Each structure stands twice: as structure tokens, then as C-alpha cells.
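Undergrad: Below is a structure I'd like to ask you about.
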Amino acid sequence: MMNGNKRVFLIIVPFALLMTFFFLVPLIYMLVSSFSNSEGITFEHYQEVLTNSYILQGFKNSLVLSFVSALIALIASLLGVYAMTSFSEKVRERLLVLSNLTSNFSGVPLAFAFIVLLGNSGLFTLAMEKFGWDLSFSLYSWSGLLLIYIYFQLPLAVMLLYPIYFGIQMQWKEAAALLGASTFMFWKKIGLPIIFPGVIGTFTILFANAFGAYASAYALTGSNYNLAAIRIGALIQGDIFAQPELASAIAVLLGVIMIVGMLLNEWLIKKTRKDLSGR
Amino acid sequence: MKKLTIVMLILIGIYLTLPIVATALYAFSTEWNKTVLPEGLTVEWLTALFQDSRFIEAFGRSILLSGGAVLISILFIVPAIFVIVLYYPSLEKWFQASVVMVYAFPGVILAVGLIRFYSGTSLPMIIAVIGVYVISVLPYMYQGTRNSLRNIQGRQLMDAAELLGATKVEAFRRVLLPSVYPGLFVSVLLSFSILFGEFVLINLVVGSRFETVQIYLMEKLSTSGHLASAIVFVYIVLMGILTIVMAALTKKAKGMTSA
């Protein structure tokens, strides 16, 4: 009979091995290779990234697209989920199931669905032509990508905001009403400060979700639209011009932005919590 | 104000369903190039798809890949989660740090790491992808398992069963597992559906050498719109079934804890 500790060890070791070999080691190796060339240690890949206006443009596009799509989805869902509070539990559950279903609808299938709707011979495009309207809208551009990004952000925003809203107890609203607060006053003085950290957290997750996204933009425009994630893919896939070290450097910077975002989020949440309890 | 929020909810609903409805309609339409609505309905594309052996094979590969990764995760990751949550709460913060890290790093970064590291070794790339898949579902597995264990107060339940004379293994199999099973099963289905839709890693690391449904779809995107919409339709139906099963199980799990 093995003693308890040994058995526990045997259970945790496979997990630790998987985590090491399929997560930590590849990432560390990537980090190291972003700093090396055939001669040894170098900063040339980072220098290249920071001076190459095309790559910088890709980062800028990614940042703006992620920020705008996260903000729009957040505001829309803040309003939408608030409306959900007035429905019965049964209806709310149905709405959540729908949101769950659409949350799986992303990447290549989603890009295709938007091509069916708004592509060159898409449903809406044809209808508009029929009515003689020229919106000069192209799905294969920034605004087209924004529509797709908002689509995959919305279900995530709804699912993250729903429990935050429902964390606000009915009793608090009643107590505030008894003390003479209007609905507006309740949300201004009590409701919003309580949900604020959760809303910031949701925004961070949405931003990160968009920032690392690759599949829908790739399915829509190949490597043509310039995003940081797309640049990485193009640099490691190119058979002739593959520059894996450069791809590693971009990937490291992308990861750094993610981590900074998460830390900023943590700091902001802590700060608002402290401000709240200090009142 | 209230009216505005309800209008917004309806708009969100329309925005989320419209692309799905349009794609499904396109999958069943004969000709849809000039008119606002399809000229006729047909199951031609769907039948063609299911007679296409490349699609069937791609579908099988997708199931094998995502199912295999989830299975490995059940066998090797879930037991570790159990042990740590139940008996080593002090290790949990390390575990949570891993979960956050896995969640924060997108597939495109992991793909670079995998290619850089494993292209120099003799390990087949597809194995490397499965390995990353196993790790990438960690957040969902952890969340689901931990929540169910907390809801039923797993530690107390194990201790009580052992006090009544059960061995650890018996207590685990007869008492703990049946109570966390619905929650765990939801995590498994969620992980499976996420991996089934995965495109970035498999495309960048392995490519068309291992054609999954997503890669097959990507190719059909530019060659046949109708076939592509049939693939997306099948994909949506599969995801719909999984979502409904998950919703029912979650409800059941909730009922068990409140009873």
C-alpha cells in the first residue's frame, strides 16, 4: 500500500508535466528565441518590430479594434442585461441559453455568416443595390471587422455582466427606496459603485479576447488586413519568407500587452474597492 | 430609460440571431444571387456534404482531436484539480495563477511557442497540438469542478463518508463523483465545443496535413458558398445540441444543491 503523500504526488505529477511541456517550455523557448540569432543574444528582432511602421500599424489597428469593439459590446450589454432584470427567471434562462449558443459562434464560421449577410454578393448588399442605395460599405475593411468583433464580444459581455447585475440584491433596492431614494439615486449612489469593479473586469476580458483573436480576421481577409495577430501568423507561415524570430518578438510583445492589461485591471479594481470602503 | 434598455436587448437579440438565420437559410436555398429572398428551397447541399467523404473524414478528425484532448484532460487534469481543491487548498493559488495564464495567452502566441520548440524535436506536431488543447481547456475544467466541489462541500462530504467506514476510493466513487458529475459534465461539454471550433493552432501548427472541419470550411469558403453554409449549418446544429444539454444539466445541478 502506498502512503497518501506518494499517491497525491502521482496524481499531481502528470498535470505538472503537461503544463510544463505544452505551455511553459514552449513559451519560454519562444521568449528566448526572440532574443537570439545565429550569433547569440540580440535585440535586433525587437528593434525591427519597433522601427517597422507596418508592424507598428498592425499593433495600432489591433489596439483600436479591440478597444472599440469591447467598449461598444460593454455598453450595449450593460443596457441589455439591465432589461433582462425585468423578465421572469424562465425567460432570463432562455436568453442566457441563446447567448451561450452564440458564444460558440466565432472564428471561421462567424466570418462566413457575415459574408453571407454583407459580403460582395451578400443578402444585405444585394438588397441595398436593389433599392438603389449605395452605402459604400465593405465587409473586408475595418468597419466590417468591427461588426464581426462586436458579434463575438456581445455574448461574452452578457454572460459576464449577468451575474454582476444579479449580485445586486432586491433588498438593497427596497431598503434604498424605503429611505426615499429614486431608482436613479439608487444606481448612482449604490448600484453603479458596486458593479463598477466587475464592469472594469469585464472590459479587460473583452479587450484581451479581441486582442488575441485571429481566426475571423484571417478567414475574412487572409493575411491582408494588418493586425498584430495576423502579422504573427503570416511571419511563421510564410514558406519562403518565414521569420520565426520576428514572429516570436511580436508574440512576446502581444503577451506583454495582455499581462499589462490584466495587471492594470487588477490595480484598478483594488483601487476602486479601497475607495468604496474608505467612504 | 427602461424602454431604451429593452430596445437594446431586442437589438442585441436580432444582431446575434440574424447571421445564424441567414446562413441556415442559405444552406437550404437553390439560387440566391439576385433576389432578396431565396428562389427555392432544397436539401441538395446538405446531402452533397454528407456524401463528401472529405467532410466525413474531417468531421471524424475534429471529433477525435477535441474528444481525445478532453479525455486526456479528464484522466490527468481533473484528478489533480480534485486533490488540490479538496486536500491542498494552500496550493490552489498556484493553480489559479496557471489558470489565469492559460486564459490570458491566446492561441496565436501558443502556436509560435509550439512551432519554435517542437519543430526541432521528433514529436509529431499533431501530438503537440493535442497537448496544448489539454492545457487550454484547464480554465473551464477548473472552474466547473471547483464550483461543484464547493457547492456540495466536497471535503466535508468525503470526511463524513470516511468516518462512516468508506475508504477514500469508495467515498470518491460512491459519494463525491455522483454529486459533482453534472457540473463536471457541463465543463467537459463546454471544453469539447470550444476545441471543436478551434482553428488558430491547428491551422498554424499542422495546417492541411490534418484537415479538421474548421480547415475544411476555410477551404470551401472561397470555392463553394452553398457547401460552406451547409458546413456552418451542421456546426450550428451540433453546438445547439451541446448548449441545450449543458443548460439542462446546469439546471439539474442547481436543483441538486438547493434540494
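Undergrad: Looking at region B:130-147, which of its residues are outside any loop (DSSP other than H, G, I, E, B) and more than 9 Å from chain A (Cβ to nearest Cβ)?
TA: B:Pro139, B:Tyr140, B:Met141, B:Tyr142, B:Gln143, B:Gly144, B:Thr145, B:Arg146, B:Asn147
Undergrad: Let me ask something additional. Report the residue count in region B:108-124 for those that are of a type outside the set (Lys, Arg) and either buried (at least 18 other Cβ atoms within 10 Å of the Cβ) or within 16 Å of A:Leu10 (Cα to Cα) (or both).
TA: Going through region B:108-124 one residue at a time, the tally reaches 10.
Undergrad: For the subset of region A:144-165 comprising residues that are at pLDDT 95 or above and aromatic (Phe, Trp, Tyr), which member is most open to solvent (accessible area, probe 1.4 Å)?
TA: Selected residue: A:Phe152.
Undergrad: Let me ask something additional. Name the single residue, out of those in region B:1-52 being among the aliphatic types (A, V, I, L, M) and outside any helix (DSSP H, G or I), that is modelled with the lowest pLDDT.
TA: B:Val36
Undergrad: Now for a different question. How about region A:44-84: which of its residues are farther than 23 Å from A:Val252 by Cα and surrounded by fewer than 15 Cβ atoms within 10 Å (Cβ to Cβ)?
TA: Passing the criteria: only A:Ile75.
Undergrad: Could we say that A:Gly107 is surrounded by 14 or more Cβ atoms within 10 Å (Cβ to Cβ), at the interface with chain B (Cβ under 9 Å from one of its Cβ atoms) and over 18 Å from the mean Cα position of the chain (by Cα) here?
TA: Here the answer is no, as A:Gly107 does not meet what is asked.
Undergrad: Among the residues of region A:155-170, which ones are of a type in the set (Val, Ile, Thr) and more than 13 Å from chain B (Cβ to nearest Cβ)?
TA: A:Ile164, A:Ile168
Undergrad: Looking at B:Phe105, B:Phe95, B:Phe55, can you tell me which residue is open to solvent by less than 50 Å² (accessible area, probe 1.4 Å), modelled with pLDDT under 90 and within 24 Å of the chain's Cα centre (by Cα)?
TA: Result of the check over B:Phe105, B:Phe95, B:Phe55: B:Phe95.
Undergrad: Of everything in region B:193-214, what is of a type in the set (Val, Ile, Thr), within 10 Å of chain A (Cβ to nearest Cβ) and buried (at least 21 other Cβ atoms within 10 Å of the Cβ)? Give them in sequence order.
TA: Those that are of a type in the set (Val, Ile, Thr), within 10 Å of chain A (Cβ to nearest Cβ) and buried (at least 21 other Cβ atoms within 10 Å of the Cβ): B:Val200, B:Val205, B:Val213.
Undergrad: Then there's this: Is there a residue being hydroxyl-bearing (Ser, Thr, Tyr) and outside any helix (DSSP H, G or I) anywhere in region B:200-211?
TA: No, region B:200-211 contains no residue that is hydroxyl-bearing (Ser, Thr, Tyr) and outside any helix (DSSP H, G or I).
Undergrad: Continuing with the same structure: Of the residues that make up region A:113-126, is at least one open to solvent by 30 Å² or more (accessible area, probe 1.4 Å) and away from chain B (no Cβ under 13 Å)?
TA: Looking for residues that are open to solvent by 30 Å² or more (accessible area, probe 1.4 Å) and away from chain B (no Cβ under 13 Å), one finds none in region A:113-126, hence no.
Undergrad: Just name the residue that is farthest from A:Ala76 (Cα to Cα) out of those in region A:166-211 that are surrounded by 20 or more Cβ atoms within 10 Å (Cβ to Cβ) and small (Gly, Ala, Ser).
TA: A:Ala208
Undergrad: Of the residues that make up region B:58-65, is at least one more than 18 Å from B:Ser208 (Cα to Cα) and either open to solvent by 30 Å² or more (accessible area, probe 1.4 Å) or at the interface with chain A (Cβ under 9 Å from one of its Cβ atoms) (or both)?
TA: Looking through region B:58-65, none of the residues is more than 18 Å from B:Ser208 (Cα to Cα) and either open to solvent by 30 Å² or more (accessible area, probe 1.4 Å) or at the interface with chain A (Cβ under 9 Å from one of its Cβ atoms) (or both).
Undergrad: Look at A:Thr272 and say whether it is over 30 Å from B:Val206 (Cβ atoms), within 11 Å of chain B (Cβ to nearest Cβ) and open to solvent by less than 40 Å² (accessible area, probe 1.4 Å).
TA: Against the criterion (over 30 Å from B:Val206 (Cβ atoms), within 11 Å of chain B (Cβ to nearest Cβ) and open to solvent by less than 40 Å² (accessible area, probe 1.4 Å)), A:Thr272 does not qualify.
Undergrad: Now a separate question. If B:Ser148 passes every condition in (1) more than 19 Å from the chain's Cα centre (by Cα); (2) surrounded by 20 or more Cβ atoms within 10 Å (Cβ to Cβ) but one, which one does it miss?
TA: (1)
The rows are residues; the columns are (1) farther than 14 Å from B:Ala111 by Cα; (2) not in a helix (DSSP H, G or I).
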| site | (1), (2) |
| --- | --- |
| A:Phe203 | yes, no |
| A:Ala208 | yes, no |
| A:Ser223 | yes, yes |
| A:Val252 | no, no |
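Undergrad: Could you list all residues from region A:21-57 that are of a type in the set (Ser, Thr, Tyr), within 14 Å of chain B (Cβ to nearest Cβ) and part of a helix (DSSP H, G or I)?
TA: Selection gives A:Tyr29, A:Ser33.
Undergrad: Could you please give the count of residues in region B:97-129 that are within 8 Å of chain A (Cβ to nearest Cβ) and in a helix (DSSP H, G or I)?
TA: Counting residues in region B:97-129 that are within 8 Å of chain A (Cβ to nearest Cβ) and in a helix (DSSP H, G or I) gives 18.
The values are calculated or read from the model by the stated rules, or taken from the named source; none is laboratory data. Fair warning: this is a prediction, and the values are worked out from it, not measured in the lab. Positions of Cβ are backbone-derived with ideal geometry, glycine not excepted, and every protein chain shown enters the neighbour counts. Accessible surface areas use protein heavy atoms only, side chains included; no ligands, DNA or RNA. Shrake-Rupley method; radii C 1.70, N 1.55, O 1.52, S 1.80 Å.
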